[in-house]
Each structure stands twice: as C-alpha cells, then as structure tokens.
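Structure first, then comments.
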Amino acid sequence: MISLNKRQKTVLVSGITCVILLAILVSGLLISNDRIVTNLDARNLPPSLTHPFGTDWLGRDMLIRTLKGMSMSIGVGLIAAASSVMIAVSLGIMAATLGRVVDGIISWLVDLFLSVPHLVMLILIAFVLGGGMKGVVIGLALTHWPSLTRVIRAEVMQLQSAEYVQTSRRLGKSRWFIAIKHILPHLVPQFLVGLFLLFPHAILHESAITFLGMGLSPHQPAIGIILSESMRYLSTGMWWLAFFPGLCLLLVVRAFDLIGEHLQSFVDPHRANE
Amino acid sequence: MRMIFSFIGRKVLRLLSLLFAISVITFILISHSPIDPIQAYIGADMMRVGPEQREKIAENWGLNEPPAEQFFRWGSSVIQGDLGTSMIYRRPVTEMIHEKFLHSLALMIIAWLLSGLIGFILGIAAAMKKDKWPDRIIKGYCYTLAATPTFWMGLLLLMIFAVWLEWFPIGMGVPAGVLTENVTLADRISHIVLPAFTLSIVGVANVALHTRQKLIDVLSSEYILFAKARGEKGFTLLWRHGIRNISLPAITLHFAGFSELFGGAVLAEQVFSYPGLGQATVEAGLRGDIPLLLGLVIFSTLFVFAGNLLADLISFIVDPRLKERKPV
C-alpha cells in the first residue's frame with residue numbers, strides 16, 4: 001500500500017471526481033435523441049438489468065433520460081457559475097480599488113440582490129425573459145455573484161494594505177503593474193474555488209426552477225422536468241421515476257462540492273498538509 | 001433605548017431605499033417583458049376577443065400610457081397600501097397575500113423552529129465528539145443535506161409516508177371536496193406535517209455546521225482549558241461556558257436565513273400542492289399575473305428584511321459588548 005500525503009490524496013480525489021463528471025457531461029452529449037424513444041411494450045418497468053433506472057409511462061429508459069438531463073444541467077450550471085464568477089471578480093476588484101463611491105454602489109447592489117429571496121428573483125427573471133432556456137441561464141448567471149463579490153472585495157482590500165504592495169507603490173510601479181503582478185495571482189485560486197463552490201448552488205437552482213415549470217419546455221430532458229413529471233405517477237407507486245434522477249443530481253452536486261473543498265485546501269498552504 | 005430606536009430608524013431608511021429600487025427595477029423589467037398582459041389575462045379565449053375589445057382592456061388598464069406614468073400610478077397606489085388586483089384570482093393582491101401568507105406562515109414557523117432546534121443540537125453533539133464517529137456521521141449528513149434538492153426530499157417523503165405507508169394525505173392544504181367550515185384542525189395538521197418536515201430537514205445543515213464550528217472554537221479557548229483544569233467536564237462544562245457563547249451566532253444565522261426559508265417553502269408547497277405564498281408565486285410567474293408577482297416580490301423582500309432586522313436586533317439586545325457602548 002503506497003501511502004499518500006494530503007496533497008497527493010487531494011489531487012487524486014479531485015482528478016477522479018472530475019473524470020466522472022466529464023464522463024456524465026460527454027455521455028449525455030453523445031447519446032443521440034433517438035435513444036429516448038417511446039417503447040410502449042416496455043412501459044412502467046421497475047429497475048432491472050436492461051433498464052437500471054426503470055422505464056417511464058411511455059417506455060423510455062430512465063437511465064438515458066437522466067444522463068441527458070444531467071449533462072444539460074452540468075452545462076447550464078457551468079455557464080452560470082463561470083459568468084457569476086466573472087461578475088464577482090470584476091465587481092470585487094472595482095469595489096476595492098476604485099474608491100469609496102464605487103465601493104458604496106457595489107455594496108448596495110450586493111445588498112439589493114441579497115434582499116429578495118433567490119428563488120423569487122429567478123422566477124421574476126425567467127418570467128421577464130419569457131421563460132425558456134434563455135431565461136433560466138441568464139437568471140442563474142446574473143444572480144450568483146453577490147456573496148463571492150464580498151469575499152473578493154475583502155481579499156483585494158487586504159492585499160492592497162500588504163507591505164509588499166505598499167513598497168511596490170512607493171517604488172513607483174503603476175497601478176496596472178500592481179494589479180497584474182501582485183493582486184491578480186492571489187485571485188486565481190479564489191476564482192477557481194469560487195467556480196466550483198458556486199456550481200452546486202447554480203445547478204440546484206436550475207433544477208428547482210425547471211421543476212417549478214418556469215424554465216424549459218417539457219420535451220427537453222432536464223432533471224427538474226423529469227422530477228416534476230414523475231410527480232403525477234408517484235401515487236401509483238412508481239418510485240424509481242423520482243428516486244434515481246434525484247439521487248444522480250445529489251451525487252453530482254456533492255461531487256462539485258468535493259472538488260471545491262479540495263481545491264480550497266490545496267491552494268491554502270495552512271490547510272494543505274493538515 | 002435611544003440607541004435601539006436610532007438603530008431601527010437607520011434600518012428602516014435602508015429598507016425604504018431597497019424597496020424603492022426593487023420596485024423600480026422590477027417594474028422596468030416587467031414592462032420590457034415579451035409577455036402580453038392582455039393575452040395572459042384572457043388566456044385560451046384569445047381568439048374570441050376582437051381588436052376593439054383588446055384596445056378597451058388596454059385603455060382600462062392604462063397600458064397605452066408611457067411606462068413612467070404607469071409606474072407613477074402603480075407606485076402611488078402601493079404607498080396607499082393598494083397593490084392592485086390579481087389577474088388569475090380576480091381578487092385584491094393584498095387580500096391574496098394576507099390569506100396565503102397565513103398558510104405559509106404556519107408551515108414556515110414549524111419548519112424554522114424544528115430545523116433550528118435540531119440543527120443546534122446536532123451541531124453541539126458533533127463538536128463535543130469532534131473527529132469521533134458521531135461527528136463524522138453528523139458532518140457527512142449535513143454535507144449531503146446541503147447538496148439535496150429540497151423538492152426531491154419532498155418527493156421522497158411523499159413516496160414513503162403518503163404513498164407507501166399512507167400515514168399522511170398526498171397533498172393540498174385541506175381535504176378535497178370538504179367545505180371550508182367543515183375542515184377540522186386535525187385535517188390541517190395532517191396536511192402540514194410533510195411539507196413542514198421537508199422544509200425543516202433541509203434547513204438543518206446550515207445551523208448544525210455553523211454551531212459545530214463555533215463550539216469547536218470555543219472549546220479550544222483558554223477559559224475552557226481552565227475550566228477543565230478545575231475538573232469540569234461533559235454537560236456541565238458545555239452548559240456553563242459553551243451554550244451562551246454559541247447560541248447567539250446560531251440564532252442570528254437562523255434569522256438571517258429567511259431568504260432560503262422562503263425559497264424552500266416555494267418548492268415544498270409546490271411538491272405538496274400546499275396553498276401558500278410559494279405556490280402563488282409560481283402561479284403568478286407561470287401565468288403572467290403581473291400585479292400579484294410584483295406584490296409578492298415586494299412582500300418577500302419585506303419578509304427577508306424582517307428576518308435580518310430581528311437578527312440584528314437580537315444580537316444588539318443580547319450581546320453585552322454592544323450594550324456597553326451605549327452612552328450614559
């Protein structure tokens with residue numbers, strides 16, 4: 001048995017988790033829509049070897065539907081998390097560097113976004129954009145930045161008062177030089193960790209809003225839609241329709257959480273070798 | 001006392017500025033929405049409505065006026081406490097929100113108290129047994145819960161307790177086909193158990209993890225070391241030196257979680273078709289009921305604000321360090 005230190009373990013676990021998530025994403029993209037065919041002979045089958053997740057009331061294989069839904073959710077979640085991180089980084093840096101007025105405005109914006117329940121805001125945005133995929137993606141992308149913005153603002157402020165930054169400024173280095181050489185490198189880990197820690201929120205909200213029926217059309221295989229459809233059949237005892245897709249969603253969210261946590265302890269030397 | 005009033009005064013000013021901004025932004029957003037309010041109002045009968053009738057409705061609602069004027073009209077009636085009339089329910093929005101909120105409030109209070117209590121106890125248990133198996137189990141449980149979609153948890157409970165064990169009804173706030181005056185308290189309770197349970201299970205994780213961390217910090221402090229040196233241990237130690245230090249942050253955090261509570265209620269109500277505010281929000285969004293949606297956005301903002309204000313007030317009143325700064 002080879003013993004690994006904490007860093008090696010971290011890399012290993014995150015690597016494996018990443019590969020699994022990528023596999024789900026890719027397999028969902030590769031499976032063509034022809035595989036989700038109506039097959040009335042195989043209706044309402046409980047889970048078995050040929051259909052591990054069972055089949056639904058139209059005889060469609062739930063495993064394939066779940067995979068497709070999951071890969072779409074991961075895609076939407078990634079877009080949303082990435083754009084929210086971008087917004088958070090730029091607003092956080094602006095708040096910390098551009099003086100008190102800008103700082104005040106951005107703090108006020110953060111408060112504004114945090115003062116409406118997140119789900120209500122998502123419903124509002126989806127409604128305003130007329131529903132559909134576009135409404136969901138834009139809503140998710142525009143609403144996940146406030147908490148990360150606060151973190152980054154605090155981080156940049158702290159960096160600015162650091163001695164080496166002060167020294168650099170006295171030596172006559174330009175603001176641009178300080179921003180690129182001194183501040184940005186410290187934000188890269190925040191950026192990465194933020195991306196992975198925002199993702200679970202984004203994907204849970206995505207599934208919630210599609211579950212409520214605000215998002216995608218019923219033909220698209222999103223996890224939220226699969227689950228909301230399954231509600232009509234639960235009273236007949238078809239538990240597998242809801243159980244497996246939800247479990248997959250839970251595992252994917254947990255996987256991203258895990259990567260985020262590992263990355264966080266990986267970039268933080270104090271915690272890396274605990 | 002003066003401090004508290006000026007504190008509340010500042011908070012209320014802040015609330016007014018936020019509310020104003022939110023109503024302006026929401027109004028602008030909605031007036032640019034591609035959804036036609038007349039079509040949303042009439043629904044499937046759209047084919048039978050001629051252009052003249054459309055014009056009349058538009059005129060009646062003031063849709064032909066510029067948005068600024070519309071906002072001014074809406075805003076001035078909002079200040080007088082009139083949020084307009086809901087299109088889908090054909091009743092005043094304030095009345096709707098009042099009625100639905102009472103339903104949701106029962107649900108949210110039960111869930112909020114339960115999740116706070118259970119979370120606090122779990123957090124303490126985990127911290128007292130740090131790195132031993134109870135801690136591992138509780139931590140794993142909380143991380144899993146934090147990753148669980150609320151509505152899926154609701155579906156699971158529905159499958160187990162309503163479909164399989166048949167202990168509770170499948171949904172709705174009251175039994176179907178029974179007149180309002182015949183609904184008993186027992187009926188209401190049996191209908192509220194599952195949604196409240198769903199909501200409280202999901203709310204546990206946050207409080208538990210936070211309490212655990214706080215108590216671990218407290219337990220590693222020097223006064224605890226000193227107390228231990230005097231021979232105190234176990235529950236006495238926790239009761240004398242731990243509880244007070246960790247309860248305040250937990251209470252504050254729990255009050256500040258009203259936003260998530262509201263979001264969770266929306267989902268839980270949808271799963272159990274419980275007729276509360278959450279369901280009204282979804283209906284308003286799906287069917288384009290603009291006055292109701294606007295009213296609900298404003299109301300939910302007030303709700304979240306109330307939670308944050310209570311959190312601030314409690315720490316202001318309870319924490320002696322904040323009190324001592326009071327001028328004599």
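The values are calculated or read from the model by the stated rules, or taken from the named source; none is laboratory data. Keep in mind the model is a prediction, meaning the values are calculated, not measured. Cβ coordinates were reconstructed from backbone atoms using ideal geometry, including for glycine residues, and neighbour counts include every protein chain displayed.
Tabulated data for the structure shown
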{"item": "Exclusive hit being outside any helix (DSSP H, G or I), away from chain B (no Cβ under 13 Å) and either within 22 Å of the chain's Cα centre (by Cα) or without any contact (Cβ under 8 Å) to a residue 60 or more places away in the chain (or both), set A:K173, A:K181", "result": "A:K173"}
{"item": "Some residue of region A:241-262 being touching a residue at least 60 places away in the same chain (Cβ under 8 Å), more than 15 Å from the chain's Cα centre (by Cα), surrounded by 19 or more Cβ atoms within 10 Å (Cβ to Cβ) and over 22 Å from A:P46 (Cα atoms)", "result": "yes"}
{"item": "Out of A:I123, A:I138, sole residue that is buried (at least 20 other Cβ atoms within 10 Å of the Cβ), within 12 Å of another protein chain (Cβ to nearest Cβ) and either free of Cβ contacts under 8 Å to residues at least 12 places away in the same chain or in a helix (DSSP H, G or I) (or both)", "result": "A:I123"}
{"item": "So B:L296, is it on the phi < 0 side of the Ramachandran plot, touching an Asp or Glu at 6+ places or on another chain (Cβ under 9 Å) and crowded, with 22+ Cβ neighbours inside 10 Å", "result": "no"}
{"item": "Looking only at region A:210-266, and only at residues there that are in a loop (DSSP other than H, G, I, E, B) and at the interface with chain B (Cβ under 10 Å from one of its Cβ atoms), the one that is farthest from B:A162 (Cα to Cα)", "result": "A:M214"}
{"item": "Test: residue in region B:80-91 that is within 22 Å of B:T301 (Cβ to Cβ), in a helix (DSSP H, G or I) and modelled with pLDDT of 75 or more", "result": "no"}
{"item": "Residue in region A:97-109 that is part of a helix (DSSP H, G or I), crowded, with 21+ Cβ neighbours inside 10 Å and free of Cβ contacts under 8 Å to residues at least 12 places away in the same chain present", "result": "no"}
{"item": "All positions within region B:169-207 that are under 26 Å from A:I223 (Cβ atoms) and at pLDDT below 75", "result": "B:I170, B:G171, B:M172"}
{"item": "Test: residue in region B:292-309 that is in a helix (DSSP H, G or I) and touching a His at 6+ places or on another chain (Cβ under 8 Å)", "result": "no"}
{"item": "Pair list, Cβ < 7 Å and 6+ apart or interchain, from region A:47-59 residues that are among the hydroxyl-bearing types (S, T, Y) to residues that are surrounded by 13 or more Cβ atoms within 10 Å (Cβ to Cβ) and modelled with pLDDT of 75 or more", "result": "A:T55/A:D61; A:T55/A:M62"}
